Amino acid sequence: MSRLPVTILHENEEWLAPLLDALTAADVPFRERFIADGSFDVLDAPQEGIYLNRMSASSHTRGHTASVDHTRQLLARLKRHGRRVVNGLDAFELEMSKVRQYQALEAAGLRVPPTTAVAGGPDALVEAARTVPTPFVTKHNRGGKGLGVQLFETHDAFEQHVRSDAFTPSPDHITLLQQYIPSSDQTITRCEFVGGRFVYAVRVDASDGFELCPAEACRTDASENGAAAAADGERCMVDDEDALFSLRTDVPEDLIARYVQFLAVERIDIAGIEFIEDDEGRRWTYDVNGTTNYNPDIEAAADRSAWSAVASYLQHEREALASVV
Ligand SMILES: Nc1ncnc2c1ncn2[C@@H]1O[C@H](COP(=O)(O)OP(=O)(O)O)[C@@H](O)[C@H]1O
Ligand SMILES: [Mg+2]
């Protein structure tokens, strides 16, 4: 078994610590593989063992502009050689495209906000937006940590924005225009799944902005950007009524069951799935995060740790592989 480590493909050192702690605690051998600029032998067989793909859709914001395409090539090679990859190529293509996520969610019978995908720059965006009712939100097709998410009440405000320096294009040049879903209590819910199984759901206060990454490291980012008051440490306490993140125990079982089925069909092993509940109690699913992170306060408060669940799942996958080699 020791010759079958878990190789972690990743691009952000800051997100790694809690995962490595959980792997160490569970006695799972691992290797880190930082994916940015670099080279690989095209015809060489990849190393034995299992792989965990944690490449981030927002890697370009940390200067790693080659990471996503580099990962795509590596995952294709791993697939060709029959290596077991947790969140492999299929999951990765969904991770990199909300367009694909929405089509897959819809096919699984989930309610998705009406969305128009626009390829191109300001002219194409202004023209497409004329057909979209206000209010709407913009977002990057290749999103992550709220990139490009902004609310527009009028078409004029939108045009002014896309023709200004404030507009940032998605790295794949596809911008989404999506119906704004008002949440009755200004929260969203994120349901975490590991190995296709539900772990816990987290209610996130969205009243201060759209940058809602649960990772500890992102709380610091948010404060540096002056983005959300989200960085205010006190608001992260889970037993505080004003907590930014709090455990939610009343997510309906039929919704969880649909998510489980969606993940199985799309071959996604690990993900955090987000939905908004509107005034009429309808639940709109709008984001699937394969490279998910867990909030440390929630991890401490929940009766199950998601990071530990990831470690156990990887151990289980190693054992399954060891039994056939
Ligand atoms: N259609 C929508 N209506 C209202 N709020 C939204 C909508 N889509 C996204 N948001 C808000 O913006 C945040 C970020 O959007 P999301 O689609 O999750 O992008 P990312 O992949 O960057 O996290 C969400 O968590 C939510 O608070
Ligand atoms: Mg999100």
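Work out, step by step, the length gained on full extension between ASP303 and ASP279: first 0.36 nm times the residue separation, then minus their alpha carbon distance; give nm to one decimal. Walk me through the numbers before you get to the answer.
Details: separation 24, 0.36 × 24 = 8.64 nm, distance 3.02 nm.
Extra length available between ASP303 and ASP279 comes to 5.6 nm.
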Practice item. Round to the nearest 10 and report in Å² the accessible area of ASP185, as given by a 1.4 Å probe over the protein chains' heavy atoms. Key: 80 Å²
Revision key, fill the gap. Other residues with Cβ under 12 Å from the Cβ of GLU299 give, with Lys and Arg +1 and Asp and Glu -1, a net charge of -4
Check your understanding: Which of SER207, GLN160, PHE30 sits farthest toward the positive end of the charge dipole of the chain, with +1 on the Cβ of Lys and Arg and -1 on the Cβ of Asp and Glu?
Key -> PHE30
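State to the nearest 20 debye the size of the charge dipole of the stretch 240-294 about its Cα centre, where the only charges are +1 on K and R beta carbons and -1 on D and E beta carbons. Walk me through the intermediate numbers first.
Values: 5 positive and 14 negative charges, 86 e Å.
Around 420 debye, computed over the stretch 240-294.
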Point to revise | Value of relative contact order over the stretch 115-179, rounded to a whole percent, pairs C-alpha under 8 Å and six or more apart | key: 50 percent
Study note, to complete from the structure: Scoring only Lys, Arg, Asp and Glu (+1, +1, -1, -1) among other residues with Cβ under 15 Å from the Cβ of VAL265 yields -2
**Study point:** Viscosity 1.567 mPa s, 4 °C: Kirkwood-radius Stokes-Einstein D of the chain over Cα pairs, µm²/s
**Key:** 63 µm²/s
Check your understanding: When the dipole is taken about the Cα centre of the chain, and only Lys, Arg (+1) and Asp, Glu (-1) are charged at their Cβ, what size is it in debye, to the nearest 20?
Key -> 1500 debye
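Which length gain, in nm to one decimal place, applies between ARG62 and ASP41 when the Cα-Cα distance is subtracted from 0.36 nm times their residue separation?
Values: separation 21, 0.36 × 21 = 7.56 nm, distance 2.58 nm.
Stretched out fully, the ARG62 to ASP41 stretch lengthens by 5.0 nm.
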Exercise for review: Indicate the gyration tensor shape class of the stretch 259-322 (rounded, prolate or oblate), computed on the Cα atoms with a ≥ b ≥ c the square roots of the eigenvalues: a/c under 1.5 is rounded; otherwise a/b larger than b/c is prolate and the rest oblate.
Suggested key: oblate
Revision key, fill the gap. Residue-ordered couplings for the stretch 138-154, obtained by feeding phi - 60° into the Karplus form 6.51 cos²θ - 1.76 cosθ + 1.60 and rounding to whole Hz (Gly and Pro as x), are 9, 7, 6, 4, 9, x, x, 6, x, 5, x, 7, 8, 9, 10, 8, 9
Practice item. Please give the per residue accessible area of the chain, computed with a probe of 1.4 Å over protein heavy atoms only, in Å². Key: 47 Å²
Practice item. Evaluate the relative contact order of the chain (contact order divided by residue number), counting alpha-carbon pairs under 8 angstrom at least 6 apart; express in whole percent. Key: 20 percent
Check your understanding: Got a number for carbon plus sulfur as a percent of the chain's accessible area, 1.4 Å probe?
Key -> 47 percent
Study note, to complete from the structure: With Cα springs under 10 Å, the Gaussian network model of the chain assigns the largest mean-square fluctuation among LYS98, LYS79, LYS139 to LYS79
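The values are calculated or read from the model by the stated rules, or taken from the named source; none is laboratory data. Just so it is clear, the model here is predicted, and its values are computed rather than measured. Cβ atoms come from the backbone with ideal geometry, glycine included; neighbour counts cover every protein chain shown. Ligands, DNA and RNA are excluded from the accessible area calculation, which covers all protein heavy atoms including side chains. Shrake-Rupley method; radii C 1.70, N 1.55, O 1.52, S 1.80 Å.
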